[in-house]
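Reading through the structure tokens given below for one structure.
The values are calculated or read from the model by the stated rules, or taken from the named source; none is laboratory data. Bear in mind that the values here come from a model prediction, so they are computed numbers and not experimental data. Note that we place each Cβ from the backbone using ideal geometry, even for glycine, and neighbour counts take in every protein chain shown.
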Amino acid sequence: TCAKVLAPGPSAGCSPPPSSLCTDFLPDQPCFPVSVRFRSTLLAGPRRALDLQPDLQVFCLPRGRVLTASASRHRAVRKSKAKPNGKKPAAEEKKVYLEPEYAKSRITDCEFKELVVLPREIDLNEWLASNTTTFFHHVNLQYSTISEFCTGDACQTMAVCNTQYYWYDERGKKVKCTAPQYVDFVMSSVQKLVTDEDVFPTKYGREFPSSFESLVKKICRYLFHVLAHIYSSHFKETLALELHGHLNTLYVHFILFAREFNLLDPKETAIMDDLTEVLCSGGGPGGGGASGGGTGAQNHVKER
């Protein structure tokens, strides 16, 4: 099982991240760097690994060990119409993650626009499955580094800027939950999907379900919510841990991949357009200017 954190050069073993979600980490089996590998289609025989960037590295957990939350069965988040609260909007906090000195931080100079493109002779669903699974582990690992700060008291709602997300259970009932509860639902739901052989087949000859693309879109929407919450509510902690370069790199890779295959609705990601503009367009202090006007439309609390 692989939880990728891009990092240049050799790296020593690491201790488990401070996370209440890390239920299966073995301290005596440290992480270790290996070459980046993705699954690929093989015309005859089992799947084989495809080397894409030998100079990039990932941190691998012991096989079978996954940072995950307790099992839970829930389904996709639905959107509801925005409801003005009738109160004067609170002054918007300064978005530290947009400051040039932090936004320019990366852990690799890899050209992600080229990395996300579907390679020749690789099946589209195979490519989506490989990358989606990898992003799940990356986001899970990134969140685990700040999970001790994301508590029910500190994050009483799953909020991103002035937007609040709700969870809908399998009966369609809207559930208002704290941010750590929401993330727990997300990780449990996605974990169940990516380990289901009927949804993410790994054996030769098994077909992907007809609904596979829609499931990948749902997973990407979930993961975007978690990344957006980390930026919105826990960037200062990420900065203190000096992991903002990892977070920026992960966000750029994830967003460019989602754009390449139309996996995220632009309306869904609009709340982070200023960050996306700065990180993905190589902009400086004024990089988010094009989307700066969008913040005015977020003066009241939205529900999703």
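Miscellaneous remarks
- Here H229 passes the criteria (1) more than 17 Å from the chain's Cα centre (by Cα); (2) surrounded by 22 or more Cβ atoms within 10 Å (Cβ to Cβ); (3) closer than 18 Å to L264 by Cβ; (4) not basic (K, R) except the one numbered (1).
- Top-ranked residue in the stretch 202-232 [being assigned to a loop (DSSP other than H, G, I, E, B) and free of Cβ contacts under 8 Å to residues at least 40 places away in the same chain; ranked as nearest to C155 (Cα to Cα)]: S211
- Test: residue in the stretch 258-266 that is among the hydrophobic types (A, V, I, L, M, F, W, C) and part of a helix (DSSP H, G or I): yes
- Some residue of the stretch 95-105 being polar (S, T, N, Q), out of contact with any Leu (no Cβ under 8 Å at 6 or more places or on another chain) and either modelled with pLDDT of 90 or more or loosely packed, with under 13 Cβ neighbours inside 10 Å (or both): no
- Of all residues in the stretch 274-283, one or more are of a type outside the set (S, T, N, Q), in contact with an Asp or Glu (Cβ under 7 Å, 6 or more places away or on another chain) and either surrounded by 21 or more Cβ atoms within 10 Å (Cβ to Cβ) or not in a helix (DSSP H, G or I) (or both).
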